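The values are calculated or read from the model by the stated rules, or taken from the named source; none is laboratory data. Nothing here was measured: the structure is a model prediction, and the numbers come from that model. FYI the Cβ positions are ideal-geometry reconstructions off the backbone, even for glycines, and counts take in every protein chain you see.
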Amino acid sequence: MNQTLKHFLQNLLLSSASDDEGTELIPVITAEIEDDMNLMELPEELPILAVRNTVLFPGVVLPITVSRKKSVKLVRKSHAGDKVLGVVAQKNTNSDDPTAEDLYTVGTVAKILKMLVLPDGNTTIIIQGHSRFQIEEVTQEDPYLTAKVSLCEETPMDKKSKEVKALVQSLKDAAAKMLKLNPEIPQEAQVALDNIDSPSFLTHFLSSNLNVEVAQKQALLEVNDGKERGTQLLELMLREIQLLELKQEIHTKVHTDLDQQQRDYFLRQQIKVLQDELGQEGPDQEIERFRERAKNKKWPEAVALHFKREIDKLARLNPQAAEYPVAVSYLEFLLDLPWSEYTKDNFNLKRTKKILDADHYGLEKVKERILEYLAVLKLKNDMKAPILCLYGPPGVGKTSLGRSIAKALGRNYVRMSLGGVRDEAEIRGHRRTYVGAMPGKIINQIKKVGSSNPVIILDEIDKLASDFRGDPSSALLEVLDPEQNHTFMDNYLDVEYDLSKVLFIATANSLDTIQPALRDRMEIIELTGYTLEEKTEIAKRHLVPKQITEHGLEPEDVKVPKATIHKVIEDYTRESGVRNLERKIGQLVRNTAKQKAMEEEFAKSIKPEDVTKILGSEIFDKEIYQDIDTAGVVTGLAWTSVGGDILFIESILSRGKGKLTLSGQLGDVMKESAMTAISYLKAHAELLDIDYRLFDQYDLHIHFPEGAVPKDGPSAGIAIFTSIASVFTQRKVKSRLAMTGEITLRGKVLPVGGIKEKILAAKRAGITDIILCQKNKKDINEIPEQYIKGLTIHYVDRVDDVVKIALLNEKVKNPLKLTVREEKTEAES
């Protein structure tokens, strides 16, 4: 072997990188193929070593690091034996345990020259290719692959042939040109090339070192005719030369001209090469990926046309332009939206009823209405029905009802909190011309859940605000109108999106603040507060188990009996819902959790007498409402956004000139009710045996306690009248009595709203008698019997009837002695 070539190959071999059978290694070629290569006896069966990302050619020396278990067994057994094995390239480079289907059928017989066991446990072998073979049949796969093989017939090249000489010279010239164009290859490679005389060696050497894909190298290995292999190799080399020349031309152009545009072009070319090397996408690949994704989208024709225009616009944009990332984000959003992708509805209404009953105790009328709604939806199979609006005080289960509906239907669930939303763009989205433009909440949530028919809870719709940025409640009109929402237009999306399959459920605490046009598009389902019995059941079934789990306890660690729950409800919570009740139960459970964590002895059951020790003194005392023995104090019933409540009206007289004083932060309507009541009493004083002169000689002060709380509305009219009548007559008001109703100057009693909430508030306060307008009887008929159990309802039409029921004939203890100053005549004066 020529000494220069031998020295170059030794250095190249020593410096070559090696890795698991998955990296591309630098193959080297020794001297001319020895005669013993052709004389080497080929076994009938060969062990097959699968390699990735490289092809072994005859005469090539190749270092390989093996780490797969099968490969290690194969190498060690071959090295201990005749040191001969077959090397075959993998078709599927991702397979870690290749089978016969993953391998090419033509490989190279190799001999192990040396085997090294590295410190990390891997084994490195240095092998030399000999002759090519064809796999005839795989005989075993475990513990490693073996196969019956046959040698491939080789048609050698005639050295003396002019055609072969010309081919050899062309190959050497092409190789020299590649060496010149690629400065990374050491100059010693040219010396090695000059010393290779064998055409076959030259072909194998250049094929091994050519920077092409494995499939192309394998195609060269499978060619039986040497001259044809050389011709194909020359074509590949000339193509590689063209790429190298183009790269050098770009490089030279950038260095000779520092124009900014050319510099940017060069940088983009370099970025593209780096992205290809790192497996990252460039602009072209990104656009192509968008087109491929668009093929699988089932979107309307108008949307498909819009997408095509947008992606064509993107293709014309400079990737460095500021508009480019905005356009990319928009196209990605279009592709991510679930156009015409729906989840399958489960319309098993019996199952739905079970889920609603399991998740929510009580609320029978509400659950019945929801089942009716879903039944119509099942029969019609479309969503053109009024949007449901669950309306009621906080903590009664409005939002969780919506979640239960989604679970029963098998749809995706989305909750959107609208409290404090004041920007119209949060509903409709921003136009893409704005910096930082985003789609609206509706479209964004649909993209997030991945289906076009989710259940969307519009929570706290009554707390929408509006300012100079627009009116979100008006923007919701199109969303919630069944006649319009199939063509909803989001400003960011800029194409119509079908919202008609979405099940919208709104929740609200008050209807007064909802825009009339928006309220008209919703069907109001009222959720009222819970009775003591219902709260007890809810606490037993849901709240106590939930709090035990959340505080890291086991069910056997703590029991909360009914009597304890009753005490917490009556003495520590005074609400329509159960949110505050849950907090108090959590406080009880937390006390047990602390004792368990500190390894102290603790009672397994929390008794009613333990509640005061844990929660402190009782917050509410209902006895204060029962035995009022002072004239002028009357209990009224009021409706608030958190449910019903009782309301005290206190009146007192003092010597004066008939002045009227109202206090307690009253609204205009309530002030007018007070004026109406006093006017009617003055006009009909004789009915109650009141001396008319008292009105001019005593000042009247009407006060509503809890003065920091705003109060308004007409429903306290008869309570105010009764309070004034009581203080002027000093007659006692019937104990445990509450009333609600509007008064007129003619003495008629008018009906008021919120009857169920007021009834529940009365029961919580220990009231036994209630006075209502005769026309409110229809509201009482709609209330389940258990709600009014223990209550006596008195229906009245006129104020006179109220006085007969409310005022007893007996005087209060220590009555105020009202005396009339005699008026002097003009002559006496």
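Of the conditions (1) at pLDDT 85 or above; (2) more than 25 Å from E213 (Cα to Cα); (3) in contact with a helix residue (DSSP H, G or I) (Cβ under 9 Å, 6 or more places away or on another chain), K91 clears all except one; give me its number.
Checking K91 against (1) at pLDDT 85 or above; (2) more than 25 Å from E213 (Cα to Cα); (3) in contact with a helix residue (DSSP H, G or I) (Cβ under 9 Å, 6 or more places away or on another chain), the one that fails is (2).
Regarding D512, is this residue out of contact with any strand residue (DSSP E or B) (no Cβ under 7 Å at 6 or more places or on another chain), outside the structural domain of A761 (by TED's automatic domain parsing) and at positive phi? I'd like the intermediate steps shown before the answer.
Working: out of contact with any strand residue (DSSP E or B) (no Cβ under 7 Å at 6 or more places or on another chain): yes; outside the structural domain of A761 (by TED's automatic domain parsing): yes; at positive phi: no.
So D512 fails the test.
Yes or no: L62 buried (at least 17 other Cβ atoms within 10 Å of the Cβ) and either touching a helix residue (DSSP H, G or I) at 6+ places or on another chain (Cβ under 6 Å) or under 22 Å from H204 (Cα atoms) (or both)? Let's see the steps before the verdict.
Details: buried (at least 17 other Cβ atoms within 10 Å of the Cβ): yes; either touching a helix residue (DSSP H, G or I) at 6+ places or on another chain (Cβ under 6 Å) or under 22 Å from H204 (Cα atoms) (or both): yes.
It is true that L62 is buried (at least 17 other Cβ atoms within 10 Å of the Cβ) and either touching a helix residue (DSSP H, G or I) at 6+ places or on another chain (Cβ under 6 Å) or under 22 Å from H204 (Cα atoms) (or both).
I'm trying to understand the selection: among the residues of region 429-462, which are acidic (D, E) and either under 25 Å from K297 (Cα atoms) or in a loop (DSSP other than H, G, I, E, B) (or both)?
Here is the first cut: in region 429-462, the ones acidic (D, E) are 459-460, 462.
E460 - this is the single residue of region 429-462 that is acidic (D, E) and either under 25 Å from K297 (Cα atoms) or in a loop (DSSP other than H, G, I, E, B) (or both).
Condition first: farther than 19 Å from V727 by Cβ, in the same structural domain as K657 (by TED's automatic domain parsing) and either in contact with a helix residue (DSSP H, G or I) (Cβ under 8 Å, 6 or more places away or on another chain) or of a type in the set (S, T, Y) (or both). Can you find one or more residues in region 807-820 that meet it?
First pass over region 807-820, keeping only residues farther than 19 Å from V727 by Cβ: none.
Taking every residue of region 807-820 in turn, none turns out to be farther than 19 Å from V727 by Cβ, in the same structural domain as K657 (by TED's automatic domain parsing) and either in contact with a helix residue (DSSP H, G or I) (Cβ under 8 Å, 6 or more places away or on another chain) or of a type in the set (S, T, Y) (or both).
Residues of region 628-663 being touching a Ser or Thr at 6+ places or on another chain (Cβ under 7 Å), modelled with pLDDT of 85 or more and among the polar types (S, T, N, Q), which ones?
S651
Of a type in the set (A, V, I, L, M, F, W, C) and under 20 Å from L772 (Cα atoms): which single residue out of L681, L688, L694 fits that description?
On the way: L688 fails: under 20 Å from L772 (Cα atoms); L694 fails: under 20 Å from L772 (Cα atoms).
Only one candidate passes the filter, namely L681.
Given the options N94, N122, name the one that is more than 22 Å from D225 (Cβ to Cβ), assigned by TED's automatic domain parsing to the domain that holds E44 and in contact (Cβ under 8 Å) with a residue 24 or more places away in the chain.
Working: N94 fails: in contact (Cβ under 8 Å) with a residue 24 or more places away in the chain.
So the residue among N94, N122 that is more than 22 Å from D225 (Cβ to Cβ), assigned by TED's automatic domain parsing to the domain that holds E44 and in contact (Cβ under 8 Å) with a residue 24 or more places away in the chain is N122.
How many residues are more than 24 Å from L221 (Cα to Cα) and under 57 Å from the mean Cα position of the chain (by Cα) if we restrict to region 60-94?
8
Looking at region 138-180 only, could you name the residues that are part of a strand (DSSP E or B) and farther than 22 Å from V55 by Cβ?
First pass over region 138-180, keeping only residues part of a strand (DSSP E or B): 138-140, 146-151, 155.
Listed by number, the residues that qualify are T139, Q140.
What's the number of the condition E426 fails, among (1) more than 30 Å from A322 (Cβ to Cβ); (2) in contact with a Pro (Cβ under 7 Å, 6 or more places away or on another chain); (3) part of a helix (DSSP H, G or I); (4) not aliphatic (A, V, I, L, M)?
Against the list (1) more than 30 Å from A322 (Cβ to Cβ); (2) in contact with a Pro (Cβ under 7 Å, 6 or more places away or on another chain); (3) part of a helix (DSSP H, G or I); (4) not aliphatic (A, V, I, L, M), E426 comes up short only on (1).
Residue pairs, Cβ under 8 Å, 6 or more apart or interchain, first in region 148-167 and without any contact (Cβ under 8 Å) to a residue 12 or more places away in the chain, second of a type in the set (K, R). List them.
So the pair list comes out as K165/K159.
Would you say F205 is among the aromatic types (F, W, Y) and within 21 Å of M237 (Cβ to Cβ)? Give the derivation first.
Values: among the aromatic types (F, W, Y): yes; within 21 Å of M237 (Cβ to Cβ): yes.
Yes: the conditions hold for F205.
Can you list the strands (runs of 3 or more DSSP E) lying wholly within region 590-708 that have 3 or more residues being outside the structural domain of N509 (by TED's automatic domain parsing) and buried (at least 18 other Cβ atoms within 10 Å of the Cβ)? Before you say what the answer is, go through the steps one by one.
On the way: elements: 633-640, 643-655, 660-663, 698-703.
Answer list for region 590-708: 633-640, 643-655, 698-703.
So which helices (runs of 4 or more DSSP H) stay within region 775-815 end to end and still have 3 or more residues that are surrounded by 13 or more Cβ atoms within 10 Å (Cβ to Cβ), on the phi > 0 side of the Ramachandran plot and free of Cβ contacts under 8 Å to residues at least 24 places away in the same chain? Give the derivation first.
On the way: elements: 777-781, 785-788, 799-806.
Filter on region 775-815 gives an empty set.
Report the residue count in region 651-677 for those that are farther than 18 Å from I690 by Cβ and within 53 Å of the chain's Cα centre (by Cα).
Going through region 651-677 one residue at a time, the tally reaches 12.
Is it the case that I135 is buried (at least 16 other Cβ atoms within 10 Å of the Cβ), more than 22 Å from Q216 (Cα to Cα) and not assigned by TED's automatic domain parsing to the domain that holds D225?
Numbers: buried (at least 16 other Cβ atoms within 10 Å of the Cβ): yes; more than 22 Å from Q216 (Cα to Cα): no; not assigned by TED's automatic domain parsing to the domain that holds D225: yes.
In short, no.
Within region 297-320, track down each residue that is over 22 Å from S452 (Cβ atoms) and touching a residue at least 24 places away in the same chain (Cβ under 8 Å). Reasoning before the result, please.
Filtering region 297-320 down to residues over 22 Å from S452 (Cβ atoms) leaves 309, 311-320.
If the condition is that a residue be over 22 Å from S452 (Cβ atoms) and touching a residue at least 24 places away in the same chain (Cβ under 8 Å), then I311, L314, A315, P319, Q320 are the ones that fit.
Given (1) modelled with pLDDT of 85 or more; (2) under 16 Å from L116 (Cα atoms); (3) surrounded by fewer than 22 Cβ atoms within 10 Å (Cβ to Cβ), where does S67 come up short, assuming only one miss?
Failed condition: (1).
Assigned to a loop (DSSP other than H, G, I, E, B) and surrounded by 15 or more Cβ atoms within 10 Å (Cβ to Cβ): does that describe I196? Let's see the steps before the verdict.
Working: assigned to a loop (DSSP other than H, G, I, E, B): yes; surrounded by 15 or more Cβ atoms within 10 Å (Cβ to Cβ): yes.
So I196 fits the description; yes.
Take the residues in region 558-589 that are among the charged types (D, E, K, R) and in a helix (DSSP H, G or I), then tell me which one is nearest to K546 (Cα to Cα). Show your work before the answer.
At the first step, the residues of region 558-589 found to be among the charged types (D, E, K, R) are 559, 562, 567, 570-571, 574-575, 579, 582-584.
Subset that is in a helix (DSSP H, G or I): 562, 567, 570-571, 579, 582-584.
Details: K562: 16, K567: 20, E570: 21, D571: 22, R579: 13, E582: 9, R583: 11, K584: 13 Å.
Only one residue fits best here, namely E582.
I'm trying to understand the selection: among the residues of region 752-764, which are touching an Asp or Glu at 6+ places or on another chain (Cβ under 9 Å), surrounded by fewer than 24 Cβ atoms within 10 Å (Cβ to Cβ) and closer than 13 Å to G790 by Cα?
Matches in region 752-764: none.
Specify which of the listed residues (E364, E368, E426) is more than 22 Å from the chain's Cα centre (by Cα) and modelled with pLDDT of 85 or more. Reasoning before the result, please.
Numbers: E364 fails: modelled with pLDDT of 85 or more; E426 fails: more than 22 Å from the chain's Cα centre (by Cα).
After ruling out the rest, the residue left standing is E368.
Can you go through K732, K711 and tell me which one is among the charged types (D, E, K, R) and over 48 Å from the mean Cα position of the chain (by Cα)?
Numbers: K711 fails: over 48 Å from the mean Cα position of the chain (by Cα).
Being among the charged types (D, E, K, R) and over 48 Å from the mean Cα position of the chain (by Cα) holds for just one of K732, K711, which is K732.
Going by what's in this entry, would R309 be described as modelled with pLDDT of 85 or more and surrounded by fewer than 12 Cβ atoms within 10 Å (Cβ to Cβ)? Before the answer, list the steps.
Values: modelled with pLDDT of 85 or more: yes; surrounded by fewer than 12 Cβ atoms within 10 Å (Cβ to Cβ): yes.
Answer is yes for this residue.
Condition check ((1) surrounded by 12 or more Cβ atoms within 10 Å (Cβ to Cβ); (2) modelled with pLDDT of 75 or more; (3) not small (G, A, S)) across all residues:
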| site | (1), (2), (3) |
| --- | --- |
| K160 | no, yes, yes |
| K165 | yes, yes, yes |
| V168 | yes, yes, yes |
| V214 | yes, yes, yes |
| E222 | yes, yes, yes |
| R229 | yes, yes, yes |
| K247 | yes, yes, yes |
| I250 | yes, yes, yes |
| L267 | yes, no, yes |
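Quick check on region 421-440. Is at least one of its residues in contact with a strand residue (DSSP E or B) (Cβ under 6 Å, 6 or more places away or on another chain) and assigned by TED's automatic domain parsing to the domain that holds I505?
Initial filter on region 421-440 (in contact with a strand residue (DSSP E or B) (Cβ under 6 Å, 6 or more places away or on another chain)): 422, 424.
Then keep just the ones that are assigned by TED's automatic domain parsing to the domain that holds I505; that gives 422, 424.
Yes.
For every residue, the table says whether it meets (1) without any contact (Cβ under 8 Å) to a residue 60 or more places away in the chain; (2) surrounded by 23 or more Cβ atoms within 10 Å (Cβ to Cβ); (3) within 16 Å of D345 (Cβ to Cβ).
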| position | (1), (2), (3) |
| --- | --- |
| L374 | yes, no, yes |
| K378 | yes, no, yes |
| G392 | no, yes, no |
| V396 | no, yes, no |
| T399 | no, no, no |
| N412 | no, no, yes |
| S452 | no, no, yes |
| I461 | no, yes, no |
